[in-house]
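First comes the structure, then the notes that go with it.
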Amino acid sequence: VNARNPVRHLKLDQLRGILTGAHTRWTDFGGEPAAILKVTTQPGGGVPSTVRNEMLDGRPIGTVNLVEVEASPHVVKIVAQEPAALGIAQLGLVRGDRIRELETDRVIEQRLVIVSLGALNDRQSRLIEVLRALSKDTHH
């Protein structure tokens with residue numbers, strides 16, 4: 001969310017209500033009297049797919065006050081400029097002074113699968129080891 005948005009924490013059910021269109025105003029959660037502008041990348045990307053599968057039982061994000069952009073950095077730019085925006089993007093992009101992470105009561109994770117077309121070489125094996133270690137670090 002934009003750094004000027006006073007809403008910092010939502011329960012997953014509340015966030016689900018925003019994404020489906022059941023809740024459309026920040027005042028429903030103690031925020032300013034403004035319509036919630038949902039900003040995400042176009043359907044088919046990893047983050048929107050994860051949100052649909054993990055939070056919406058495969059249903060699409062509601063179209064009321066929805067802006068779909070080409071890439072995640074565009075999500076971040078819009079949220080930084082628009083006080084009523086709720087951006088759906090990977091956490092690594094939301095670190096900054098004009099954007100804040102919206103905390104929830106459950107982590108939503110995008111699962112990644114690595115597929116090899118043959119035996120791994122040393123460099124590929126090291127990469128997988130690093131990725132596994134990073135994954136373990138984020139689950140503490």
Those helices (runs of 4 or more DSSP H) completely within region 25-140 that have 3 or more residues that are charged (D, E, K, R) and either touching a helix residue (DSSP H, G or I) at 6+ places or on another chain (Cβ under 7 Å) or surrounded by fewer than 10 Cβ atoms within 10 Å (Cβ to Cβ) (or both) are 122-137
Any residue that is on the phi < 0 side of the Ramachandran plot and touching a strand residue (DSSP E or B) at 6+ places or on another chain (Cβ under 8 Å) - is there at least one of those in region 122-132? no
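Select, from ASP57, ASP105, the only residue that is in contact (Cβ under 8 Å) with a residue 60 or more places away in the chain and among the charged types (D, E, K, R).
Answer to the check: ASP105.
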Going through (1) within 17 Å of ALA80 (Cβ to Cβ); (2) open to solvent by less than 30 Å² (accessible area, probe 1.4 Å) one by one, ARG4 fails only at (2)
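Looking at this structure, is GLY17 closer than 17 Å to LEU102 by Cα, without any contact (Cβ under 8 Å) to a residue 24 or more places away in the chain and open to solvent by less than 40 Å² (accessible area, probe 1.4 Å)?
yes
The values are calculated or read from the model by the stated rules, or taken from the named source; none is laboratory data. As the structure is a computational prediction, the values presented were derived from the model and not from experiment. Counting neighbours? That spans all protein chains shown, and the Cβs are built from the backbone with ideal geometry, glycine included. Just the protein is used for accessible areas: all its heavy atoms, side chains included, with ligands, DNA and RNA removed. Shrake-Rupley method; radii C 1.70, N 1.55, O 1.52, S 1.80 Å.
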